[in-house]
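Comments concern the structure below.
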Amino acid sequence: MRVKILGSGSSVPHPRRTSSAIWVETPEAKVLLDSAPSAIHRMPAEGCDWAGLDAIWISHFHLDHCGGLAPLLFSLKYAPGTASRTKPLRIFGPAGIGGLVAAFDGVNNYRLLEQPFPVEVTETETSEPFAIAAGLTAVTAKTPHTPESHAVHLRDAAGPTLVFTSDTGFHEPLAAFARHTDLFILECSFIRNKPVATHLELAEAIWLIHRAEPARAVLTHLYPEWDATDLHTELAPFNPRCEILAAQDGLMLEW
């Protein structure tokens, strides 16, 4: 499994961090987790085969996570690289994803669902496994951020596992959801004294990591306050039990 962090930031404009998007690739599948508006340019910038994308999973309907769906569908419709494509593009998300895509489709008579290839939109059920792409199984869990927000657990038939929380407040069940995964990607918007309950700060993220016991963890959705912070120094009092990285745009992990 190869994972590329396309966007490590938040909704706040930043010179080095774009908004939420993660590329996941296996020998059989190419999946995009969240689709920020910046994702259509970040994919080719990082050498990702965007024209061969198999599936998109959307965690919730804040625009820094789903606002790139319409530009991506618009690009796929008219790009020379997709004119001969026949395999379907599958879009997965929580209840309401169908209505969101339909709304994008209707804007300015764009007809974004009329592609050279089939587009399938599926509203997933919490805790019900589904095949997101060839050889790749997904299951979602509710998170306390918006009414529809979810985290996702991916398992490749060859063995690798990944959990991505997307945006979330502190939620103890996420530790069990990510238990013993190869890679735990979790939001960590703030260092401390978070101004809102619906995001995580470092101590909460570390609590989840300690109890999940992943092989490796990555902190993402980083607000600008992280810019002047040394993660190693901040982590030292917590005695981390696995490798913990601060996401950067372009960070790649492979195993």
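Placing unit charges on the Cβ atoms of the charged side chains and taking the dipole of the chain about its Cα centre, the candidate lying farthest along the positive direction among Leu235, Ala176, Ser84 is Ser84.
Within the chain, the selection of entire DSSP H helices by a Cα span of 20 Å or greater along the long axis and an average Kyte-Doolittle value of at least 1.0 returns an empty list. The sum of -39500 (n - 2.57) across all DSSP H runs of n ≥ 4, divided by the residue count of the chain, sets its helix-only mean residue ellipticity at 222 nm to -5500 deg cm²/dmol. Annotated for the chain: lysine pairs at least 8 residues apart or interchain, Cα distance under 30 Å, count 10.
Here region 93-117 is scanned for amide nitrogen atoms under 20 Å from the site 7 Å beyond the Cα of Thr137 along Cα-to-Cβ, giving 93. Is the C-alpha gyration tensor of region 93-183 telling us rounded, prolate or oblate? Criteria: a/c under 1.5 is rounded; beyond that, a/b larger than b/c is prolate, otherwise oblate. In terms of gyration-tensor shape, oblate.
Positive end of the dipole of region 2-254 (Cβ unit charges, origin at the Cα centre): among Ala70, Leu100, Leu251, the Cα lying farthest that way belongs to Ala70. Extending 7 Å from Cα along the Cβ direction at Leu63 and again at Trp207 yields two label points whose distance is 3.3 nm. Under 5 Å between amide hydrogens, which residues at least 5 positions from Lys30 or on another chain qualify, with H placed 1.01 Å from N in the peptide plane? Residues meeting the criterion, in which the H sits 1.01 Å from N, are Asp54, Ala55. Under a model in which nothing but the beta-carbon of Lys, Arg (+1) and Asp, Glu (-1) is charged, region 52-119 shows a dipole of about 200 debye around its Cα centre.
Length gained on full extension, Glu123 to Asp49: 24.1 nm, using 0.36 nm per residue less the C-alpha separation. Protection proxy ranking, highest mean first, for peptides 112-119, 71-78, 32-39: 32-39, 71-78, 112-119, where packing is the per-residue count of other beta-carbon atoms within 10 Å, averaged. Basic side chains Lys and Arg get +1 at the Cβ, acidic Asp and Glu get -1 at the Cβ, and with that the dipole of region 2-254 about its Cα centre reaches some 300 debye. Pairwise Cα distances in region 83-143 exceed 20 Å in 36 percent of cases. When only alpha carbons are used to place a centre, region 180-250 and region 1-71 end up 20 Å from one another. Computed from label points 7 Å out along Cα-Cβ, the spacing between Asn109 and His180 is 5.8 nm.
Highest mean packing comes first when the peptides 191-200, 50-59 are listed by Cβ atoms within 10 Å, giving 50-59, 191-200.
Among the trypsin sites (Lys or Arg not before Pro) within region 194-255, those in coil by DSSP and having at most 14 neighbouring Cβ atoms inside 10 Å are Arg241. Within the chain, DSSP assigns beta bridges of which about 55% are antiparallel (rounded to the nearest 5).
Straightening the chain between Met252 and Arg2 buys 89.3 nm, computed as 0.36 nm per residue apart minus the Cα-Cα spacing. Percent of C-alpha pairs per 10 Å bin in the chain, short distances first: 7, 33, 38, 17, 4, 0.
All of the numbers you see were taken from the coordinates with simple rules; none came from a lab. Note that the coordinates shown come from a computational prediction; the quantities given were computed from them, not determined experimentally. Cβ sites come from the backbone with ideal geometry, for glycine too, and all protein chains shown count toward neighbours.
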